[in-house]
1. For region 232-312, what is the convex hull volume of its Cα atoms per residue in Å³?
2. Plugging the Kirkwood radius over Cα pairs into Stokes-Einstein for region 53-96, at a temperature of 4 °C and a viscosity of 1.567 mPa s, what D comes out in µm²/s?
3. Please give the calculated 222 nm ellipticity per residue for the chain, where each DSSP H segment of at least 4 residues contributes -39500 (n - 2.57) and the sum is spread over every residue; nearest 500 deg cm²/dmol?
4. In the P(r) worked out for region 421-475, what percent of Cα pairs fall beyond 17 Å?
5. Give the dimensionless ratio obtained when the Cα radius of gyration of the chain is divided by 2.2 N^0.38 Å.
6. Could you work out how far helix 415-428 tilts from the main Cα principal axis of the chain, as a 0 to 90 degree angle to the nearest 10?
7. Just order 280-291, 358-369, 224-235 by mean Cβ neighbour count inside 10 Å, highest at the front, would you?
8. Over the residues of region 17-129, compute the C-alpha Rg and express it relative to 2.2 N^0.38 Å.
């Protein structure tokens, strides 16, 4: 049986088979070879006399011949140094580990006993050397540069997922994950050139933002979406894990690229977003697999965001049949291009969240908000109104208006995600919808006071202190 607690050893060997065999035969032929390695310093020099004295049970000749063999096969490097001995200066032989020798040295020692910084720098160097050699011989192993990059990213992500154990799931969020690049215009010249100040890049994607906010609020969340095998994808996945979000259900796609957006931030905090996508963008999984079905079935609620119609349909069907809470926040592009299909999902009685732009799109197509949505099956309709708060429409309980406090707006990106996450958190913790929306308006309002879609998530204690500033009116 293969044990799980294995030290991740890689043994780089010479390309030439005869040299490879010679190294292995020499190194593994006598135990003294490993005893000498055990006396070496990972990042320092050890003199021959010290090695001979430490191995006094062997003859001097045996030790010296073993040292010569280790130099010959490239495990040790020999140096001649001048040392002071009394009043005389003498030449002494000393040895250091080669890069290959460091690999074999780490076979023998407990890594927990090695200085952390030294171990980190050594592993970085050795790992870089292995990658360098793989690239050198990529033609032999039939790997293109793209293949190698994708393979490496995929293996890193799979390893992180295996390492992190899920803590259970209360809410499954279905949506996208992206990287948001923030810029602010500084100067516009005559002609075609404009200069923008780069403000930073932030993890984004509406579905992922909702999952992170839920986790920070204390609700166990599982994110379901497509993650690309590129360096942005690696960073985004690790970020989810560090935020405590379960990624057991993510689809790692080796053929796609991470969605990138450019957020043009104005001095007023209002943002225009340029979403850069193509046929290879990691937009949405194509279908639900058994793992996701299992998580939805064991959860309390699902959030359906920017995923393909077929995925949303299946997820809502499963959630509805098992009595789960469904919060549905359709993408504006989806409503614009496939309105009939995406509105047909209202038959599963979700709580529907729309912003002004989505509501305007629907009314332009002849629908009435909220009556048309109730006729299609929506249980509640929530209209978010940016700095003007929100309105909740109930099928039989009338309408309620929520007016937020005035704050200095820095960045509005992610406010809708914060609203949705807070709503879900409050509902799965036993609050009624109208009280939950009050908390959601407060959370969304204060989320716009700093740059980045996830940077301002109020803890519940602070949120409790601020909901009093939200004015509630019957309409």
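1. Working: hull volume 11.9 nm³, N = 81.
Roughly 147 Å³ of hull volume per residue.
2. Values: Rh = 11.8 Å.
The diffusion coefficient I find is 109 µm²/s.
3. On the way: 18 runs with 200 residues, N = 475.
Estimated from H runs of four or more residues: -13000 deg cm²/dmol.
4. Numbers: 520 of 1485 pairs.
Here the long-distance tail beyond 17 Å is 35 percent of all Cα pairs in region 421-475.
5. 1.33
6. For 415-428 against the chain, the angle is about 80 degrees.
7. On the way: 280-291: 16.5, 358-369: 14.6, 224-235: 23.1.
Answer by packing, highest mean first, reads 224-235, 280-291, 358-369.
8. Numbers: Rg = 14.9 Å, N = 113, 2.2 N^0.38 = 13.3 Å.
That works out to 1.13 for region 17-129.
Readers should treat all values here as calculations from the given coordinates under stated rules, not as data from a laboratory. These numbers come from a predicted model, not from an experiment. Counting neighbours? That spans all protein chains shown, and the Cβs are built from the backbone with ideal geometry, glycine included.
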